[in-house]
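K.L.:
Before I ask anything, let me first share the structure, which is written out below as structure tokens.
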Amino acid sequence: MEKIAIVGAAQTKYESRKADQTFYDMVFDVTTAALEDAGLTLADIDNIITVSNDFLDGRTISSMAVGEAAGAHDKNISTVEGDGTFGAFYGAMRVLGGFRSTLVVAHSKGSEGNPQFISNAMFDPIYHRPLGLDTTSAAALQANAYLTRYGITEEQCAQVAVKNHGNARHNPLAHQPLEISVEEVLRSPKVADPLKLLDCSPVSDGAAALIIGNEEIARKAKTKPAWVKGVAHCAEEYFLGDRDLANPKALRDAAKRAYQMAGIRDPRREIDVAEVYDAFSYMEPLWLEGLGLCDPGQGGQLTESGLTAMNGALPVNPSGGVLSAHALLVAGLARLIEASLQIRGEAGAHQIPGVKTALAHGTHGPCGQSHCIWILGES
Amino acid sequence: MSDWRDEVEALTLKGQIKMPYTWSVGETGSRFLVALRDEQKILANRCPLCGTVYVPPRKNCGTCFADIGTDDWLEVGPEGVVTAFTIIHQAHPLQPLATPFAYAIIQLDGADVGFVHILKDGWDRLKNGVRVRAKFGIERNGRILDIDGFEILT
Ligand SMILES: [Zn+2]
């Protein structure tokens, strides 16, 4: 594969209600800030990819409403309705297809619509929507299947929430930096067994942008490039009943191919930091199993063992993860941006020392129906 | 840092999108839902290549891409085993009944995939592995909720 890199990025602060900004405003801000970060101008950008969802924005072909805010005036603009990691995947393909660069920008304002109505609408209208399923109730079914399969405890999941909200205290952009105890997570209001309120990510408003460039653009940009070493995605069945919810096979497939591309043989040893899509606390250990960073059923012990802590051998979600800031669609792009900042050594107070290889993970669809894995490296 | 909202009122606009749809249920779905409505039977169909029994029935096998067609249809359930469940505590207007109630993935007898539906009561006995039975509603109109819910047997 030709060399491509993430050469600039920006995120808004994630908040429950950005009352002072339209989504257009946020897109303009992060587009401007990503160019500034890279030390590039719009003249250096060949393509724009926007990531949005019509239901979230409350407008048909929502992507078309943010072209000018994304600097697309005289450019090739196209869109991805999915997690930001998939938008970035498309952006990477454009650069590999011969363009110099792509700017990928994702936005969402969960505060403006109704997340339960919107997430119910992702289910089949004949068989599943009338049951009232939404993101959280579907996730609760997966949590139940996963916890009972392996004897993973609610305490072990709560430890993930404690760790990630704690990490978020070192990330000024996080929505919910919290100093909480396992006991507080366990005692927080029941939402859908076994999920309590603090097992669930908040719904955040926010936007993020990144610039992917070829070697010429990487040389021109003022940042240290975060080189794309491997990237892959995979999806599994749409109906929850068709899937083994405790065994994320699409994630396994995507991770295997991303590792292969990156030449990674022993991911547990070779990956220095991982940012994964922990929309619910149980997801972090489940995704770590799918990523092959531990054996099936062993994910529950990783937090307690300290392995995934900020100062552990494999820090996971030093930014605070999705549990601490969940702007839908944006959250995967944020994982990729955080991974690139770790490579650059510019993650601020949540920088992990000496990161050479970083993993970013995004997911889309109920219970991790599809996954996109990125491996970034410093050379 | 100055905030523009100190200078001018920050307006918001209320809106609502209420969009009626009329979804075609199609041949596969219509055969399934009509059997629920008229015969109180849960129909499934079997992939001619890998033998997977799907409920609800499918037009094609997602794994083999084989056209399942109408040849190999069979009745499954009405009993089955709970393989995953959640008791819902947080209410929202799209739920078909008041909380608490449960969602479960049920492995219906004779089927190879899980069937997602509702349990209305019996929490003290609800666990994975418990046997349940479909209870049909009295008024049925060709909807997935023609099955009123599943009842715990043991
Ligand atoms: Zn088949």
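Taken together, the values in this text are just the output of simple stated rules run on the coordinates, not laboratory data. On a predicted model such as this, the values are computed, not experimentally measured, just so you know. Cβ sites come from the backbone with ideal geometry, for glycine too, and all protein chains shown count toward neighbours.
K.L.:
Report the label-to-label distance for A:Lys3 and B:Leu49 in nanometres (one decimal), using points 7 Å from each Cα along the Cα→Cβ vector.
P.N.:
Here the modelled spin labels are 4.3 nm apart.
K.L.:
Taking N as the number of residues in segment B:22-152, what is its alpha-carbon radius of gyration divided by 2.2 N^0.38 Å?
P.N.:
Rounded to two decimals, the normalised Rg is 1.08.
K.L.:
Continuing with the same structure: Work out the P(r) tail for segment A:77-230: percent of alpha carbon pairs separated by more than 28 Å, whole number.
P.N.:
In whole percent, the share of Cα-Cα pairs in segment A:77-230 beyond 28 Å is 42.
K.L.:
Grab the other residues whose beta carbon is less than 12 angstrom from that of B:Glu151, score K and R as +1, D and E as -1, and report the net.
P.N.:
Taking every other residue near B:Glu151 into account, the sum is +2.
K.L.:
Oh, and also: Rank these for me by crowding, B:Glu139, A:Glu289, going from fewest to most other beta carbons within 10 Å.
P.N.:
In order of increasing Cβ crowding within 10 Å: B:Glu139, A:Glu289.
K.L.:
Looking at chain B as a GNM with Cα springs under 10 Å, which of B:Ile118, B:Ile106, B:Ile17 has the largest mean-square fluctuation?
P.N.:
B:Ile17
K.L.:
Right, next: Mark the label point 7 Å from the Cα of A:Arg59 along Cα→Cβ and return the residues of segment A:74-112 whose backbone N is within less than 20 Å of it.
P.N.:
Answer for this model: A:74-82, A:104-112.
K.L.:
What list do you get for B:Trp4, B:Trp123, A:Trp374 if you sort them by fewest beta carbons within 10 Å?
P.N.:
By the 10 Å Cβ count, ascending, the order reads B:Trp4, B:Trp123, A:Trp374.
K.L.:
Further, regarding this structure: Give the aspartates and glutamates whose C-alpha is closer than 15 Å to that of A:Lys13, dropping any in the same chain fewer than 8 places away, or say none.
P.N.:
Within the straight-line limit of under 15 Å, A:Lys13 reaches these aspartates and glutamates: A:Asp25, A:Asp29, A:Asp205, A:Glu338.
K.L.:
Taking the Cα centre of segment B:22-152 as origin, work out the dipole magnitude from +1 charges on Lys and Arg Cβ and -1 charges on Asp and Glu Cβ, in debye rounded to 20.
P.N.:
I would put it at about 260 debye.
K.L.:
Hey, if you put +1 on the Cβ of every Lys and Arg and -1 on every Asp and Glu Cβ in chain A, which of A:Ser204, A:Met1, A:Thr41 ends up farthest toward the positive end of that dipole?
P.N.:
A:Met1
K.L.:
Of the residues A:Gly345, A:Gly332, A:Gly263, which exhibits the maximal mean-square fluctuation in a Gaussian network model of chain A defined by a 10 Å Cα contact cut-off?
P.N.:
Ranking A:Gly345, A:Gly332, A:Gly263 by mean-square fluctuation puts A:Gly263 first.
K.L.:
Follow-up. Search the structure for amide H atoms under 5 Å from the amide H of B:Leu108, placed 1.01 Å from N in the peptide plane, and list their residues when 5 or more places away or on another chain.
P.N.:
When sequence neighbours closer than 5 places are left aside, the close amide H contacts are B:Val81, B:Phe115.
K.L.:
Put +1 on the Cβ of every Lys and Arg and -1 on every Asp and Glu Cβ in chain B; which of B:Ala35, B:Trp4, B:Pro56 then has its Cα farthest towards the positive end of the dipole?
P.N.:
B:Ala35
K.L.:
Within 10 Å of each Cβ of A:122-129, how many other protein chain Cβ atoms are there on average? If you can, show how the numbers build up before the last one.
P.N.:
Numbers: counts 0, 1, 5, 4, 12, 11, 5, 3.
That average works out to 5.
K.L.:
Just to verify a number: FRET efficiency for A:Arg265 and B:Arg131, C-beta to C-beta distance, R0 = 35 Å, to 0.05?
P.N.:
0.15
K.L.:
What's the magnitude of the charge dipole for chain A around its Cα centre, counting Lys and Arg as +1 and Asp and Glu as -1 at the beta-carbon? Answer in Debye, nearest 20.
P.N.:
660
K.L.:
Between A:Ala339, A:Ala88, A:Ala262, which gets the highest mean-square fluctuation from a Gaussian network model of chain A, Cα cutoff 10 Å?
P.N.:
Result: A:Ala262 has the largest fluctuation of those listed.
K.L.:
Give the peptides A:24-33, B:46-55, A:43-52 in descending order of average Cβ contacts within 10 Å, highest first.
P.N.:
A:43-52, A:24-33, B:46-55
K.L.:
Please report Rg over Rh for segment A:1-137, where both radii come from the alpha carbon positions and Rh follows the Kirkwood definition. Numbers along the way, then the final one.
P.N.:
Numbers: Rg = 16.4 Å, Rh = 16.1 Å.
We get a ratio of 1.02 for segment A:1-137.
K.L.:
Further question: Projected onto the charge dipole of the protein assembly as shown (+1 at Lys/Arg Cβ, -1 at Asp/Glu Cβ, origin at the Cα centre), which of B:Phe65, A:Leu288, A:Gly58 gives the Cα projection farthest towards the positive end?
P.N.:
Ranked along the dipole, the leading option is B:Phe65.
K.L.:
Count, for each residue of A:143-152, the Cβ atoms from other chains sitting within 10 Å of its Cβ, then give me the mean as a whole number.
P.N.:
3
K.L.:
Same structure again: From the backbone phi of segment B:11-17, what are the Karplus-calculated ³J(HN,Hα) couplings (6.51 cos²θ - 1.76 cosθ + 1.60, θ = phi - 60°) in whole Hz, Gly and Pro given as x?
P.N.:
So the Karplus estimates, Gly and Pro as x, are 8, 10, 10, 8, x, 8, 10 Hz.
K.L.:
Straight-line reach only, C-alpha to C-alpha below 21 angstrom: list the lysines that B:Lys41 could link to, leaving out same-chain residues fewer than 8 apart.
P.N.:
B:Lys59, B:Lys120, B:Lys135
K.L.:
Anything over 23 Å Cα to Cα? Flag those among A:Lys163/A:Lys196; A:Lys18/A:Lys222; A:Lys3/A:Lys220; A:Lys3/A:Lys224; A:Lys109/B:Lys14, in the order listed.
P.N.:
A:Lys18/A:Lys222
K.L.:
For peptide B:127-134, compute the average count of partner chain beta-carbon atoms within 10 Å of each residue's beta-carbon.
P.N.:
That average works out to 1.
K.L.:
Express the Stokes-Einstein translational diffusion coefficient of segment A:189-303 in µm² s⁻¹, to the nearest whole number, given a Kirkwood radius over alpha-carbon pairs, 20 °C and a viscosity of 1.002 mPa s. Spell out each step's value before the answer.
P.N.:
Working: Rh = 16.9 Å.
Rounded to a whole number, D works out at 127 µm²/s.
K.L.:
Right, another one. Can you tell me the dipole magnitude for segment A:1-151 around its Cα centre, using point charges on the Cβ only (Lys, Arg +1; Asp, Glu -1), in Debye to the nearest 20?
P.N.:
420
K.L.:
What whole-number value in cubic angstrom gives the convex hull volume per residue for the C-alpha atoms of the protein assembly as shown?
P.N.:
Given the Cα convex hull of the protein assembly as shown, per-residue volume reads 158 Å³.
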